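Step one of this worksheet: look at the structure below.
The values are calculated or read from the model by the stated rules, or taken from the named source; none is laboratory data. Quantities reported herein were computed from a predicted structural model and do not represent experimental measurements. Cβ sites come from the backbone with ideal geometry, for glycine too, and all protein chains shown count toward neighbours.
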């Protein structure tokens, strides 16, 4: 698991989710967050970077090099695809940045929206559903420390579960890796300042299904944010992204919140529309 220093890090007052108008409408109308199967995110390198750190650390480990079975295990792991995980992991992403050009370009087709969630209102919903909210780790030194802990835990599991170098590898031995991998991201993405909601376990009966992607169906589950009072709905800000029709977009999205009696401010992005087109 992630270090306590990361798990206990308090989120900023607001976290922002970049999405389309369909995404905004779906969140408000269904009062839920659609968490995506991590294997189907836009970035197909989600686990690859973290896995490369793990394999590198195993090759540098003296205790592994001096143990015939552990050497065989990690040699085989380096030849295997790390994805998919033995248990499906679902995620929902935020940024600390409310108006970031790379986010508009990466996640918003046409007119995009930055949806501002008040953390103090969001967290109680997540805790009741056994969902973990934590920041992504970009710093190489912090990543090194996390991977070293993961490596030690895998070694401990392997000593009792991997006694034959030719046996089939039980992917449950990699559970320590899958618990941290969703939060380890390449340093080049650090400007995103990403936070993620991640499933700690898949609860039976949780509402979910498939949504249409550009070329395939995307599995998802819903995280409920249905408040007992409109004042407790966690979305309190909407920033309309660069577009030629920002005023109309602000008016219409504000109307959706008004229908549901949810108080929410709407503003426009300060990034010029031409920056998105270039």
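Under 7 Å between Cβ atoms, which residue pairs at least 6 apart in sequence (or on different chains) link something in region 41-65 that is without any contact (Cβ under 8 Å) to a residue 60 or more places away in the chain with a partner that is in a loop (DSSP other than H, G, I, E, B) and surrounded by fewer than 20 Cβ atoms within 10 Å (Cβ to Cβ)?
Cβ pairs passing all conditions: 55/78.
Do we find a residue being within 22 Å of residue 126 (Cα to Cα), within 18 Å of the chain's Cα centre (by Cα) and at pLDDT below 85 anywhere in region 183-201?
Yes; the residues of region 183-201 include at least one that is within 22 Å of residue 126 (Cα to Cα), within 18 Å of the chain's Cα centre (by Cα) and at pLDDT below 85.
Considering each residue of region 53-68, count those that are surrounded by 15 or more Cβ atoms within 10 Å (Cβ to Cβ), out of contact with any helix residue (DSSP H, G or I) (no Cβ under 6 Å at 6 or more places or on another chain) and in a helix (DSSP H, G or I), and give that number.
Kept after step one, since they are surrounded by 15 or more Cβ atoms within 10 Å (Cβ to Cβ), are these residues of region 53-68: 53-55, 57-58, 61, 64, 67.
Pick out the ones that are also out of contact with any helix residue (DSSP H, G or I) (no Cβ under 6 Å at 6 or more places or on another chain) and you get 55, 61, 67.
Subset that is in a helix (DSSP H, G or I): 55.
Number satisfying all stated conditions: 1.
Taking the stated definitions as given, is residue 72 in contact (Cβ under 8 Å) with a residue 24 or more places away in the chain, touching a helix residue (DSSP H, G or I) at 6+ places or on another chain (Cβ under 8 Å), farther than 20 Å from residue 95 by Cα and assigned to a helix (DSSP H, G or I)?
So residue 72 does not fit the description; no.
Let me confirm something: among 182, 176, which residue is in contact with a strand residue (DSSP E or B) (Cβ under 8 Å, 6 or more places away or on another chain), closer than 17 Å to residue 49 by Cα, part of a helix (DSSP H, G or I) and in contact (Cβ under 8 Å) with a residue 60 or more places away in the chain?
182
Please specify each residue of region 231-249 satisfying the condition of being within 20 Å of residue 259 (Cβ to Cβ) and at pLDDT below 95.
Matches in region 231-249: 247, 248, 249.
Would you mind listing the helices (runs of 4 or more DSSP H) fully within region 83-166 where at least 1 residues are surrounded by fewer than 13 Cβ atoms within 10 Å (Cβ to Cβ) and without any contact (Cβ under 8 Å) to a residue 24 or more places away in the chain?
Those helices (runs of 4 or more DSSP H) span 119-128, 140-161.
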